[in-house]
Amino acid sequence: MSHLEPEAKIFACSQSVYLAEKIAAEYGIPLGKVTMSHYSDGEFQPSYEESIRGLRVFIVCSTFPNSDNLMELLLMIDAAKRASARHITAVIPYFGWARQDRKDKPRVPIGAKLTAKLLETAGATRVMTMDLHADQIQGFFEKPVDHLFASTIFLPYVKSLGLDNLTIASPDMGGSKRAYAYSKFLESDVVICYKQRKEANIIDTMELIGEVKGKNVILVDDMIDTGGTLAKAADLMMEKGALSVRAICTHAILSGDAYEKIEKSKLLELIVTDSIPLKRESKKIRVLSCAPLFAEVMHMVHHNNSISGKFIM
């Protein structure tokens, strides 16, 4: 290693250790040591237990609920900055608050923009994430953002299924771009679900744009929260004559009674990544690890190599 190239170390916030250990193993280095002090009022303080002066530090932390995960990441970044780390990369497989990417009604915040500014103010010199809820969130940062696509993980699995009469579906109008990208690679048809909500997480009506009769359908989305949209879409497609319905969702938030909805639905399989840990196992849920993808891109970034070859779409 050149004396001009800093050593790399990987650390993790407490709720993302399960993933960071896999990433570190794929990268080929041990996971760095961090201790966490807790106060009786709930306040906490991270501490690096090894020198990081002049090094490239990767901090792995998905910022899924609750907000302690984001706060812990900010404290870890601040601690690394004050410990004289040369580069600080926030590795955020799941970028929380991303659904607040614009003002959709008066007097509401733009949470994604605020989160971006908090990360930069804390001292992050680079951000690495995967399947943002809205691509334009990259523009909220003044630092480099490596926006990875989980399609590099999912597409080989889909191809391995060997499905005939394949159709890619988007569960809403907003995800149509993602669905078309998958369909272009797989040379398949596309259908789109048009839905109207009464309020957040509650669907009023859903209609199908396109033909699914006699098709093996794969729904594609960036995240699954309550599971209501995917469950309703799968049931609707089976009623319309689909042979089977699977779903691909990068981030498995799965809040509330999402597991029950998925298990009771006509979904044959739900394929997700491990950007967020599952709360419990389910026979219908298959997890594909994103650790190899992140480890490889982190290695490329550390050695200043182009990562453009990692983008399938």
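Given their separation in residues at 0.36 nm each and the Cα-Cα distance between them, Asp164 and Lys266 gain 34.8 nm when the chain is fully extended. Simple spin-label estimate for Ser84 and Lys310 gives 3.0 nm between the two label positions (7 Å along the Cα-to-Cβ direction from each Cα).
Counting only heavy atoms of the protein chains, get the accessible area per residue of the chain (1.4 Å probe) and round it to a whole Å² value.
Per residue, the chain has 47 Å² of solvent-accessible surface.
Short-range pairs are left out: with C-alpha atoms under 8 Å and at least six residues apart, the relative contact order of segment 137-276 is 20 percent.
Going by accessible surface with a 1.4 Å probe and the largest first, Asp222, Asp189 read Asp189, Asp222. For the pair Met71 and Met173, a Förster radius of 22 Å applied to the C-beta separation gives a FRET efficiency near 0.05, rounded to the nearest 0.05. Every helix of 4 or more DSSP H residues in the chain counts as -39500 (n - 2.57), and over all residues that averages to -9000 deg cm²/dmol at 222 nm. Gyration tensor analysis over the Cα atoms of the chain returns equivalent ellipsoid semi-axes of 36, 21, 18 Å (largest first, whole Å).
Taking a sphere under 11 Å around the Cβ of Pro171 and counting the other residues whose Cβ falls inside, with K and R at +1 and D and E at -1, yields a net charge of 0. Under 22 Å of direct C-alpha separation, and excluding same-chain neighbours fewer than eight residues apart, Lys184 reaches these lysines: Lys159, Lys213, Lys215, Lys310. Modelled this way, with points 7 Å down the Cα-to-C-beta line, the labels at His299 and Tyr194 are 4.8 nm from one another. Direction-averaged projected area, Cα convex hull, segment 6-46: 3.4 nm², rounded to one decimal. The stretch between Met36 and Lys103 holds 20.5 nm of extra length on full extension. This uses 0.36 nm per residue minus the Cα-Cα distance. Accessible surface ranking for Phe44, Phe311, 1.4 angstrom probe, highest first: Phe311, Phe44. Think of it this way: in the chain, Cys193, Cys249, Cys290 stand alone, with no other Cys Cβ under 4.7 Å. Take Ser265: with every protein chain present and a 1.4 Å probe, its accessible area is about 10 Å².
Once C-alpha pairs closer than 8 Å and six or more residues apart are averaged by separation and normalised to the residue number of the chain, the relative contact order reads 14 percent.
For Cα pairs less than 8 Å apart in space and 6+ apart in sequence, what is the mean separation divided by the residue count of segment 1-132, i.e. the relative contact order in percent?
RCO, segment 1-132: 22 percent.
Only beta bridges with both residues in the chain are counted; by DSSP, about 20 percent of them are antiparallel. A cut-off under 12 angstrom between Cβ atoms defines the neighbours of Ala258, and their net charge, with Lys, Arg +1 and Asp, Glu -1, is +1.
The values are calculated or read from the model by the stated rules, or taken from the named source; none is laboratory data. Worth saying up front: this structure is predicted, and the values here are computed from it rather than measured. Cβ coordinates were reconstructed from backbone atoms using ideal geometry, including for glycine residues, and neighbour counts include every protein chain displayed. Please note that ligands, DNA and RNA were not included when accessible areas were found on the heavy atoms of the full protein model with its side chains. Shrake-Rupley method; radii C 1.70, N 1.55, O 1.52, S 1.80 Å.
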